[in-house]
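Colleague: Handing you a structure now.
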Amino acid sequence: MTVDPNLDEQLRQILSFYPCGDLDENGKPKNRDLLLRLIDNSHYQANLSGANLSGADLSGANLSGTELSRANLSGANLKNMTWNDETTWDKVKGVETVINVSEELKMQLGT
């Protein structure tokens, strides 16, 4: 499979997840399924560096290998989220307001 080297930037330009906390008419997060499909794609390690994920419902998401450097996670829900040593958390913003974060991840993030 050939991956366009500009795909990360193209995705950042055309996909908007802000505000991730918006609810649809049924009270469900509007972009949750799209966001989780993007992140959880096993054929591609998502690069969400600098992404605004404030208020995102990432519960159950597989963030293994995801680039999250400088992403804004203010108020994001990380319940039962998985990650690994290849997940990059450098200078992530809003970690003090993340909800349902595991003790292990708190240690990783230095909070």
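Colleague: How do K79, K106 rank by accessible surface area computed with a 1.4 Å probe, from largest to smallest? Mind showing how you got there, number by number?
Modeller: Numbers: K79 105, K106 70 Å².
Correct descending sequence by accessible area is K79, K106.
Colleague: What list of ³J(HN,Hα) values in whole Hz, one per residue of the range 50-64 in order, does the Karplus curve 6.51 cos²θ - 1.76 cosθ + 1.60 (θ = phi - 60°) give from phi, with Gly and Pro shown as x?
Modeller: Result, rounded to whole Hz: x, 5, 8, 10, 4, x, 5, 8, 9, 4, x, 6, 9, 9, 4.
Colleague: Oh, and also: Skip the ligands, DNA and RNA, and give the accessible area per residue of the range 52-95 with a 1.4 Å probe, whole Å². Can you show the working numbers first?
Modeller: On the way: 1880 Å² over 44 residues.
Each residue of the range 52-95 exposes 43 Å² on average to a 1.4 Å probe.
Colleague: Residues with amide H under 5 Å of N52's amide H, sequence separation 5 or more or different chain, H placed in the peptide plane at 1.01 Å from N; which?
Modeller: Correct list: N72.
Colleague: Please calculate the 1.4 Å probe accessible area of E96, with all protein chains present, and give it to the nearest 10 Å².
Modeller: Roll a 1.4 Å probe over it and E96 shows about 140 Å².
Colleague: If you take the beta carbon distance between D90 and S59 as r and set R0 to 30 Å, what does 1/(1 + (r/R0)^6) give as a FRET efficiency, to the nearest 0.05? Let's see the in-between values first.
Modeller: Working: r = 23 Å, r/R0 = 0.77.
That gives a FRET efficiency of 0.85.
The values are calculated or read from the model by the stated rules, or taken from the named source; none is laboratory data. Just so it is clear, the structure is predicted and the values come from calculations on it, not from any experiment. Don't worry about glycine lacking a Cβ; one is built from the backbone with ideal geometry, like all the others, and counts go over all protein chains shown. Side chains included, ligands, DNA and RNA excluded: accessible areas come from the protein's heavy atoms. Shrake-Rupley method; radii C 1.70, N 1.55, O 1.52, S 1.80 Å.
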